[in-house]
Each structure stands twice: as C-alpha cells, then as structure tokens.
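This report refers to the structure that appears directly beneath it.
The values are calculated or read from the model by the stated rules, or taken from the named source; none is laboratory data. Quantities reported herein were computed from a predicted structural model and do not represent experimental measurements. Glycine also receives a Cβ, built like all others from the backbone with ideal geometry; neighbour counts cover every protein chain displayed.
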C-alpha cells in the first residue's frame, strides 16, 4: 500500500510540474508580443453639440424674433486640410448641418456633426442668418476616458450680436415707363440690283423687333409711316423688306421727321408676282314666283231681279181650285175679294153724298 501511495504522489507531482512549465513558457512568449489594438474604429465618428444662445446679453428664448422656426446652421469654411498625408482643399459650405433652436429642449440647440467629416474642419455658425462671434473646430476624438469614438457630447454656447429677424420679401422696383416719341414719314426710291422696283410690290420697314405696316410701291418709289412709339428705337438702323429680302442700305431712324430722299438698294433677286384673284360675288338664288290668289266671286242678285223672280214664281203658281156650287166660302178666295171691294166702294159713295153739301157750303162762304 505504501508503494502505491508513493507512486501516485510522484505522478501527481510530475504532472503539476509539466503543466506549470507549459504555462510559464506561454507567459514568456506573450511578453514578447504586441498587445492587440483596443481602438474600435469601425463605428462612425460624430460629435453631438448643444448649448444656449445669447443675443446682446439676453437669452434668445426671451426675445421675440418673429421667426417661428429659427435655424441654427453649421457651415464649413473654405480651408485646406491634410488627410492621410495629402492636402485637400475644401470650398465654403462643403459641409453643412442645420437644426431648429429649441426643437428638442427649450432654450437650447442640439445638433450632430458627422459622420464623414474629417477632424479639425472649422465651421462658422449662423443663428437665424446672423453669424455667431466664435467658430467651431470639429474634433471627433474620445474624451473623459470614453473608448468609443461616437460617444462625444460637447456643450458649445453661442453668442450673437444682432437679434435675428425675418427676411423681408423683396419687392421688385416699379419699372420706369419709357418715354414715347412721334412717328415719322419716309419715302424714296427702291432699286433691286440695277432695276427700279416695279409697281404694286409690297414692302415694309423693320427696326429691331418693330415692323411697320405694309405698303405698295408706285412709280419705283415707296412711302411709309414709321411709328415704333418708344424712344429706344431712336438712332437704330431701319431697313426695308421685300418678299423676305432685306435691303442692303439702312438709315438711322429719327422721330418726328418727314424724309423724302431715303433711297434703298436691294440685292438682285427675282420678284414673285402675286396676283390676287378678284372675288366673284355669289349668284343669289332666284326668289320663288308667288302664285296668283284664287278669287271666289259670289253673285248677289239685285232687288229688281229678286222681285221679278218672285213675280214670275207667283204667275207660274197654279190657281187654287174653286169649290163647286157657288156662294161665299169661308176660305176667302177671289169671290171674297170682290165682295169686299164692292162694300168699300159703296161706303165711299154714301159718305161723299152725306158730307158733300156741308163741304160745298163752307167753300162758298
């Protein structure tokens, strides 16, 4: 049993010595190597700036600027930088960051500069368009023992000497009306190549963008009124135009003139005759001939004709039959008329014999 115990202790001691030796060798090897870098540059570098704004000794939040969203801008200056051993020139405003004053915390601004901005870039700061008294040098380096490059939080208070005000809306100036001028009358000869212009050729004058009325030539001459209205055409060259061809010669335009010897020369070109057809008035459609009215005449018989007609009808009417046996009949035919006539006649005779004497006696008296 003692032998076995001795062997176990010897083996344990041997194993401990081997392990200790290996550990000592490793420690010796580590002492000759460079420790790994602890700089975590894989994170983007930026700095969070914040601070208050003082304007003429007063806090900006206590001043009514009239601006609803007051911007705080960080704008890089024009400068030269040494980046990785190479010089680089930056134009003004190459880097630009902005925020609204009091948007996150009342009375302060908060803004992040970076990533992508090299170190030592100098920024000018503007509050509502007013430049602050100090500039800022961007330094994205660790501070206060922070091992991460993006944990920077810097307080940078701003001072402005002028109260920011709203930008006034520019009002365009009222244009001054251009003075007006009087028209002029120009006339003279027109020569095309070596020939005088024929009659009836249309021509007009042009001064820059002004075009006159069109006139026609007569007896190799023209007469045209020029009225560009405004003074900016005075002393400008005036030329004539015929069928798209400009005159070689020009004359300076003058207002209120009567010029009768303003002759113009044209290059030789063929004049196109333009014959305007005489308009033929349309033939009016013939008006329809009215049909004669049909007059219906109704014959009205005259009274004499009516009476004769009635008489003829009475004469032609058959006589009523006479009752047989004679005597007076109650019907009152021809016999009754005769008796009545006889009675009247007798009455008249008796009356005349009765009153005849008194009437004669009165006449005699």
- Odd one out for residue 225, checked against (1) assigned by TED's automatic domain parsing to the domain that holds residue 57; (2) at pLDDT 95 or above: (1)
- Considering every residue within region 161-172, establish whether at least one is more than 30 Å from residue 72 (Cβ to Cβ) and either without any contact (Cβ under 8 Å) to a residue 40 or more places away in the chain or assigned by TED's automatic domain parsing to the domain that holds residue 137 (or both). yes
- Total residues in region 175-194, condition buried (at least 17 other Cβ atoms within 10 Å of the Cβ) and assigned to a loop (DSSP other than H, G, I, E, B): 1
- Task: Mind listing just one residue for me: the one in region 83-106 that is surrounded by 13 or more Cβ atoms within 10 Å (Cβ to Cβ) and in contact with a strand residue (DSSP E or B) (Cβ under 7 Å, 6 or more places away or on another chain) and, of those, farthest from residue 55 (Cα to Cα)?
- Result: 90
- Query: Are there any pairs, at least 6 apart or on different chains, whose C-beta atoms fall under 8 Å, with the first in region 208-222 and exposed (fewer than 12 other Cβ atoms within 10 Å of the Cβ) and the second not in a loop (DSSP other than H, G, I, E, B), and if so, which?
  - Reply: 213/204; 213/224; 213/225; 214/202; 214/203; 214/204; 216/202; 216/203
- Message: For region 214-233: of the residues being under 31 Å from the mean Cα position of the chain (by Cα) and not in a strand (DSSP E or B), which is nearest to residue 178 (Cα to Cα)?
- Response: 232
- Those residues of region 196-207 that are loosely packed, with under 15 Cβ neighbours inside 10 Å and touching a residue at least 40 places away in the same chain (Cβ under 8 Å) come to a total of 2
- Task: Find the strands (runs of 3 or more DSSP E) located wholly in region 77-116 whose residues include 1 or more that are under 48 Å from the mean Cα position of the chain (by Cα) and either touching a residue at least 24 places away in the same chain (Cβ under 8 Å) or in the same structural domain as residue 128 (by TED's automatic domain parsing) (or both), and list them.
- Result: 86-90, 96-100, 109-113
